[in-house]
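Taking it in order: structure first as structure tokens, then the write-up.
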Amino acid sequence: MIRERMGQLLLEAQLISEEQVNTALQVQEVSGNRLGSILVEMGAVTESILLQFLSQQYGVATIDLSTCQVDAELLTLIPLDMAKKYTVVPVRKTGSRLMLAMVDPSNTSTLDEIRFLVGAHIVPIVAMESDIQAAIRRMYGKKDHVATLDVDRERPPSRLPGAFSSRAEMSQIENQLPVGTERSSSLAFDDLQACLKEVTSSLPAGEVSEAGMDRVEDRAPIILLVNRLIQQAGEAAASDIHIEPYENFVRVRFRLDGVLRTIIHIPKNVQRAFTARIKIMSNLNIAERRLPQDGRMNVKFHGSRDCDIRVSILPCFHGEKIALRILDRASLNLDMTQLGFSAKSLARVTTALEVPHGMILVTGPTGSGKTTTLYSALQFLNSPTVNIVTVEDPVEYQLTGINQLQTKDDIGLTFAAGLRSFLRQDPDVIMVGEIRDRETAHIAVQAALTGHRVLSTLHTTDASQAITRLLDMGIEPFLVSSALSLVIAQRLVRKICLDCQESDSVSPHQLALLGFDEQEIDSVRPMRGQGCPRCQGTGYKGRVALFEILSLSEELHCKILTRAPAYELKACALRSNLCSLRASALEHVRLGMTTVDEVLTVTGADEQV
């Protein structure tokens, strides 16, 4: 809303008189309309002059909306109710920038809220209020199937409350979700919106009270909404669903290819029933809202594809935040040859796995694919002649032929306690989900020294720092040197979309700074994704792993015994032909699989020595 200072600015510019300003302010107190519109209606100033003044005052462009053609997909970013509420119209979207026609470009609260809701950088363009309102009627009137949803359409007769729909329908909202599927199988959000509208029409306008809950979490619309949301996430190959409550709405986001994308906003009055339904599905206490809860559920996609979902509920200021980790067994590829290892690196890993004793560590941040690498190694070793046991927190995937133990800290079943018990189970291979403390590290090292193959993970930035982490935990250098066989550091980078890849303009100086040598700078042709419907405008589709494989040479053994710092260990490993994470990333740039931006984001300058 244009504030009183607008009248003062117009007065100082001698475009209107003080009497006209006072009159307009009196009218504004009664009507609540914008001051600029009132001045135009009074005839104190013309629309064109006011528009020109606003453009000069705020340094933004103007636009004639009467001749503006807007892509229908943009109207899904700014739905009809939002356009009316803020008096805005989307004009054009380029990458992560959304050009937005609005009345008052100085209204930072409106800009911030819209930027938060749509997840894009807002570039304001000034337009008259009457033009925007006319544009809203014209544009959204032609796109009724986008701006308003038909909730009364006939549903398939086989769809029962609590069951998933048989197939996803085509959607006009492709640019809201970067899915990993073909364009012909783009996700439909009209069903999701329709389910949401059914829920809102069946619930009270305000937040449901304790006394009046009336088992709303069991009503069919709520069941359909939750089921449809989970199905959409599965079809999009999302790894996580985040349901985040705020003061006036609940935001739902999917994590796709490691990046969170906003999918839908749920009205506040649906929040409690929505949360209760998820608690029921994961066997949690629906009455407990003060403490965190963890649970698990199992769903079927399209009636046959089993999927486990790990549920975490955390009480926050505006309600309970829910995180759903989707563990899709169908998408789990445990073939070591398909993980992304080079032929040389794969040979080093398999050779270390075939040694009947010693410790192999996989390092990297959360979400870098460590668990998949460990499970692939276990599957490589899995045979009727080998006894494999694991202790995990939690057990993410259940593997046939492998004995898996879930830790339970509340009853004393920790990693260390599980390891002690496993050593009495005659194991050949032991996998420890994570080495978190000195006790677990000590037992794992002792197991590796007494004839067991031990696999585990550590949270370190590169392979050499795994050694210093064990030393910092209090493990003696001679034990680390004797027990450790191999360290694998890894990251995940997004792959360039094959449908819209193009050459990237990167200067030779930038390539040199990245790590390419002078001989290959002229031959390297970096690529990027332009953005297309298949990748939802992101330029990326899928991810690939980067690996850094550290084998222990004689020189490195000596460095460990002298407690050499991590940078000396890294330099020593590089002299032994270590292929660092940065070097692995550069190879993917040479092959046109990922971008320079991804390399800089994921590996970082600290990978260079």
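Any residue in the stretch 461-476 that is under 30 Å from Gln293 (Cβ atoms), within 33 Å of the chain's Cα centre (by Cα) and not aliphatic (A, V, I, L, M)? Break it down into steps so the answer makes sense when it comes.
Taking the stretch 461-476 as the starting set, the residues that turn out to be under 30 Å from Gln293 (Cβ atoms) are none.
No; the residues of the stretch 461-476 include none that is under 30 Å from Gln293 (Cβ atoms), within 33 Å of the chain's Cα centre (by Cα) and not aliphatic (A, V, I, L, M).
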- Message: Test of understanding: among Leu65, Leu35, Leu11, Leu54, which residue is open to solvent by less than 40 Å² (accessible area, probe 1.4 Å), in contact with a Ser or Thr (Cβ under 9 Å, 6 or more places away or on another chain), under 21 Å from Ser106 (Cβ atoms) and at pLDDT 70 or above?
- Response: Leu54
- Within the bounds of the stretch 224-237, is there any residue that is crowded, with 17+ Cβ neighbours inside 10 Å and more than 22 Å from the chain's Cα centre (by Cα)? yes
- Message: So for the stretch 302-324 (the condition being part of a helix (DSSP H, G or I), in contact (Cβ under 8 Å) with a residue 60 or more places away in the chain and either over 20 Å from Val250 (Cβ atoms) or not β-branched (Val, Ile, Thr) (or both)), does at least one residue qualify?
- Response: no
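Do you know which of the residues in the stretch 569-604 that are β-branched (Val, Ile, Thr) and under 17 Å from Thr363 (Cβ atoms) is modelled with the lowest pLDDT? Before you say what the answer is, go through the steps one by one.
Residues of the stretch 569-604 β-branched (Val, Ile, Thr): 589, 594-596, 599, 601-603.
When the remaining residues are screened for being under 17 Å from Thr363 (Cβ atoms), the result is 602-603.
Working: Val602: 85, Thr603: 82.
It comes out as Thr603.
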- Taking the stretch 542-568 on its own, how many of its residues are surrounded by 15 or more Cβ atoms within 10 Å (Cβ to Cβ) and under 18 Å from Ala352 (Cβ atoms)? 11
- Please list, ordered by first then second residue, the pairs with beta carbon atoms under 8 Å, 6 or more apart or interchain, first in the stretch 121-147 and on the phi > 0 side of the Ramachandran plot, second at pLDDT 80 or above. none
- Task: Just one of (1) touching a Phe, Trp or Tyr at 6+ places or on another chain (Cβ under 8 Å); (2) closer than 14 Å to Glu434 by Cα trips up Thr390, so point out which.
- Result: (1)
- Candidates Val60, Val45, Val70, Val21 - the one that is closer than 30 Å to Cys535 by Cα and either touching an Asp or Glu at 6+ places or on another chain (Cβ under 9 Å) or open to solvent by less than 70 Å² (accessible area, probe 1.4 Å) (or both): Val70
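Condition check ((1) closer than 18 Å to Ala238 by Cα; (2) open to solvent by 10 Å² or more (accessible area, probe 1.4 Å); (3) among the acidic types (Asp, Glu); (4) out of contact with any Pro (no Cβ under 8 Å at 6 or more places or on another chain)) across all residues:
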| site | (1), (2), (3), (4) |
| --- | --- |
| Ala273 | no, no, no, yes |
| Ala276 | no, no, no, yes |
| Leu284 | no, yes, no, yes |
| Arg289 | no, yes, no, no |
| Gly295 | no, yes, no, yes |
| Ser312 | yes, yes, no, no |
| Phe317 | no, yes, no, yes |
| Ile322 | yes, no, no, yes |
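For every residue, the table says whether it meets (1) part of a loop (DSSP other than H, G, I, E, B); (2) of a type in the set (Gly, Ala, Ser); (3) closer than 17 Å to Ala323 by Cβ; (4) over 24 Å from the mean Cα position of the chain (by Cα).
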{"site": "Ile243", "(1), (2), (3), (4)": "no, no, yes, no"}
{"site": "Arg253", "(1), (2), (3), (4)": "no, no, yes, no"}
{"site": "Asn269", "(1), (2), (3), (4)": "no, no, no, yes"}
{"site": "Asn285", "(1), (2), (3), (4)": "yes, no, no, yes"}
- Message: Between Ala447, Ala466, which is surrounded by 22 or more Cβ atoms within 10 Å (Cβ to Cβ), in contact with a helix residue (DSSP H, G or I) (Cβ under 8 Å, 6 or more places away or on another chain) and aliphatic (A, V, I, L, M)?
- Response: Ala447
- Message: Restricting to the stretch 398-416, name every residue that is closer than 29 Å to Leu324 by Cβ and either in contact with a strand residue (DSSP E or B) (Cβ under 6 Å, 6 or more places away or on another chain) or of a type in the set (Gly, Ala, Ser) (or both).
- Response: Gly401, Ile402, Asn403, Gln404, Leu405, Thr407, Gly412, Phe415
- Positions within the stretch 379-402 being under 28 Å from the mean Cα position of the chain (by Cα) and among the aliphatic types (A, V, I, L, M), in sequence order: Val391, Val395, Leu399
- Query: Has the stretch 477-497 got any residue that is under 34 Å from the mean Cα position of the chain (by Cα), hydrophobic (A, V, I, L, M, F, W, C) and open to solvent by 30 Å² or more (accessible area, probe 1.4 Å)?
  - Reply: yes
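The values are calculated or read from the model by the stated rules, or taken from the named source; none is laboratory data. Everything numeric here is computed off the predicted structure, so don't read it as measured data. Methodologically, a virtual Cβ is constructed for each residue, glycine included, from the backbone with ideal geometry; neighbour enumeration extends over all protein chains shown. Each accessible area value is taken on the protein alone, full model and side chains, heavy atoms only, with ligands, DNA and RNA left out. Shrake-Rupley method; radii C 1.70, N 1.55, O 1.52, S 1.80 Å.
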